[in-house]
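> The following block contains the structure, expressed as structure tokens.
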Amino acid sequence: MSKLGSIGARLHRGEVGYDFVKNRKIWYGVSILITITAILGLAVRGLNMGIEFQGGAVFTSPKHMSASVAQTETYAKDASGHDAIVQKLGDGSLRVQIAGIDTGKSDQIKDALAKDLKISPEQINADLVGPSWGQQIADKAWQGLAIFMVLVVVYLAIAFEWRMALAALVALIHDITITTGIYALVGFEVTPGTVIGLLTILGYSLYDTVVVFDSLKEQTRDITRQTRWTYSDVANRSINGTLVRSINTTVVALLPVAGLLFIGGGVLGAGMLNDISLSLFVGLAAGAYSSIFIATPLVADLKEREPQMKALRKRVMAKRAQAAAQGEPAVEAAGGEHGYPDEESEDAAHAVVGPRNQPASRGRGRGRPSGKRR
């Protein structure tokens with residue numbers, strides 16, 4: 001077994017682990033800081049909306065143009081009076097995007113570009129997007145996002161409980177805010193591909209969260225029948241038990257996305273890949289973070305407010321204090337449904353082990369069910 005596989009197995013069995021829930025205030029603080037930065041980026045710089053949302057025109061030149069991107073940007077700005085986005089495609093052609101122009105002006109810009117680039121106007125392909133169509137696309141995107149959120153909350157509330165649904169919703173909003181904030185700070189163009197990438201990463205984030213919630217739901221069934229662990233303890237074990245799996249899933253998903261973003265968009269200059277790859281890259285990382293550091297600790301916080309869980313914590317703490325005063329660990333009794341010992345199994349464990357203060361040399365057959373000498 002590999003070293004990572006061995007660590008994963010030990011995490012799953014609860015032999016080792018990191019206390020994520022105990023340090024939740026640190027993770028909340030980090031998330032709040034990142035979220036505030038993202039919101040400031042949105043407020044100060046705003047999103048660079050593509051022409052699909054604003055309306056405008058896209059002009060595509062013939063292949064193997066000798067004009068540079070900087071020169072073409074100057075030509076397009078002089079011809080239109082608006083800022084232009086120019087990209088050089090893989091076949092050597094130039095793609096010029098100009099937002100906020102009407103259909104009548106597009107013909108003038110096309111003729112001016114053809115003159116500056118020393119080509120015929122018929123060689124330039126022009127695609128126009130009306131502002132009303134762009135507004136419809138934006139409205140549909142918001143509607144799709146709202147419907148997705150509602151369905152997620154309803155499903156999780158039915159399949160698990162409302163506290164888990166609320167925690168998952170907070171994690172999803174966290175991921176959306178960070179991803180859109182990064183777009184504002186970086187200045188990448190927001191296109192329909194960006195919306196597709198955003199909805200995709202919400203699915204990934206929800207998947208990781210549901211995996212942890214499913215483990216938590218199974219392990220906390222009949223949790224009040226034992227006195228060894230609090231709800232937060234079991235929540236922490238659930239995170240550790242699925243930690244390696246979440247890391248592996250995220251890394252495998254991030255590798256091809258990183259290839260699209262850094263190699264396809266950065267090295268090869270395929271700028272159109274940036275709109276979807278950046279949302280996927282940031283969203284996948286934020287989704288993995290939120291499922292581990294936000295969603296499950298938040299569920300533990302909400303559950304620990306219940307009277308039953310408060311009483312359970314009180315019993316657990318009292319038992320641990322008693323064990324510490326006697327200089328012994330708490331009884332590790334086996335049995336009980338779902339891996340948690342009920343009160344009868346603990347009494348049976350005491351009968352087998354014997355009194356706590358009895359020396360090992362006293363009492364024949366201690367620790368053997370039959371109590372006979374060998």
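> For the range 281-314, how many residues meet the condition of being farther than 16 Å from residue 170 by Cβ, at pLDDT 90 or above and not small (Gly, Ala, Ser)?
So the answer is 9.
> For residue 163, indicate whether it is basic (Lys, Arg) and within 30 Å of residue 295 (Cα to Cα).
Against the criterion (basic (Lys, Arg) and within 30 Å of residue 295 (Cα to Cα)), residue 163 qualifies.
> Touching a residue at least 40 places away in the same chain (Cβ under 8 Å), buried (at least 17 other Cβ atoms within 10 Å of the Cβ) and either under 24 Å from residue 41 (Cα atoms) or more than 11 Å from the chain's Cα centre (by Cα) (or both), is that true of residue 206?
For residue 206, the condition - touching a residue at least 40 places away in the same chain (Cβ under 8 Å), buried (at least 17 other Cβ atoms within 10 Å of the Cβ) and either under 24 Å from residue 41 (Cα atoms) or more than 11 Å from the chain's Cα centre (by Cα) (or both) - is not met.
> With respect to residue 209, is the statement that it is farther than 30 Å from residue 313 by Cα, part of a helix (DSSP H, G or I) and of a type outside the set (D, E, K, R) true?
Considered against the rule, which asks whether it is farther than 30 Å from residue 313 by Cα, part of a helix (DSSP H, G or I) and of a type outside the set (D, E, K, R), residue 209 comes out as no.
> Further question: Checking the condition among the polar types (S, T, N, Q) and surrounded by 16 or more Cβ atoms within 10 Å (Cβ to Cβ), which residue from 120, 106 passes?
106
> I've got another one for you. Scan the range 1-48 for residues that are β-branched (Val, Ile, Thr) and at pLDDT 85 or above and jot them down.
21, 26, 30, 32, 34, 35, 36, 37, 39, 44 - these are the residues of the range 1-48 that are β-branched (Val, Ile, Thr) and at pLDDT 85 or above.
> Then there is this: Pairs only if they're at least six apart or on different chains, beta carbon under 7 angstrom, first in the range 228-239 and under 15 Å from residue 305 (Cα atoms), second of a type in the set (S, T, N, Q) and open to solvent by 10 Å² or more (accessible area, probe 1.4 Å); list them, first residue then second.
Going by the 7 Å Cβ cut-off, the qualifying pairs are 231/220.
> Looking at 81, 92, 100, 56, which one is on the phi > 0 side of the Ramachandran plot, modelled with pLDDT under 85 and buried (at least 19 other Cβ atoms within 10 Å of the Cβ)?
56
> Let me ask another. Just the residues that are under 23 Å from residue 191 (Cα atoms) and without any contact (Cβ under 8 Å) to a residue 12 or more places away in the chain, please, taken from the range 90-127.
102
> Determine which member of the set 157, 146, 165, 126 is over 23 Å from residue 297 (Cβ atoms), touching a helix residue (DSSP H, G or I) at 6+ places or on another chain (Cβ under 6 Å) and either of a type outside the set (S, T, N, Q) or open to solvent by less than 30 Å² (accessible area, probe 1.4 Å) (or both).
126
> A follow-up question, please. Please count how many residues of the range 315-328 are at pLDDT 90 or above and farther than 16 Å from residue 229 by Cβ.
0
> Suppose we filter 138, 112, 76 for residues that are open to solvent by 30 Å² or more (accessible area, probe 1.4 Å), out of contact with any Lys or Arg (no Cβ under 7 Å at 6 or more places or on another chain) and part of a helix (DSSP H, G or I); which single one remains?
The match here is 112.
> I would also like to ask the following. Of everything in the range 31-48 that's outside any loop (DSSP other than H, G, I, E, B) and open to solvent by less than 60 Å² (accessible area, probe 1.4 Å), which residue is nearest to residue 233 (Cα to Cα)?
Of everything passing the filter in the range 31-48, 31 is nearest to residue 233 (Cα to Cα).
> Are there any pairs, at least 6 apart or on different chains, whose C-beta atoms fall under 9 Å, with the first in the range 58-70 and under 25 Å from residue 102 (Cβ atoms) and the second at pLDDT 80 or above and among the basic types (Lys, Arg), and if so, which?
These pairs meet every condition: 58/95; 59/95; 59/110; 60/95; 61/95.
> Can you find even one residue in the range 89-101 that is of a type in the set (Asp, Glu) and closer than 17 Å to residue 62 by Cα?
Looking for residues that are of a type in the set (Asp, Glu) and closer than 17 Å to residue 62 by Cα, one finds at least one in the range 89-101, hence yes.
> So which residues in the range 168-199 are open to solvent by 10 Å² or more (accessible area, probe 1.4 Å), touching a Leu at 6+ places or on another chain (Cβ under 9 Å) and closer than 24 Å to residue 298 by Cα, if there are any at all?
Across the range 168-199, the qualifying residues are 169, 170, 176, 177, 180, 198, 199.
> Give all pairs with beta carbons closer than 7 Å in which a residue from the range 188-199 that is within 16 Å of residue 133 (Cα to Cα) and in contact (Cβ under 8 Å) with a residue 60 or more places away in the chain meets a residue that is open to solvent by less than 20 Å² (accessible area, probe 1.4 Å) and assigned to a helix (DSSP H, G or I); count only pairs at least 6 apart in sequence or on separate chains.
Pairs found: 190/183.
The values are calculated or read from the model by the stated rules, or taken from the named source; none is laboratory data. Keep in mind that this is a model prediction, so the values were computed, not measured. Cβ sites come from the backbone with ideal geometry, for glycine too, and all protein chains shown count toward neighbours. Heavy atoms of the whole protein, side chains included, go into the accessibility calculation; ligands, DNA and RNA do not. Shrake-Rupley method; radii C 1.70, N 1.55, O 1.52, S 1.80 Å.
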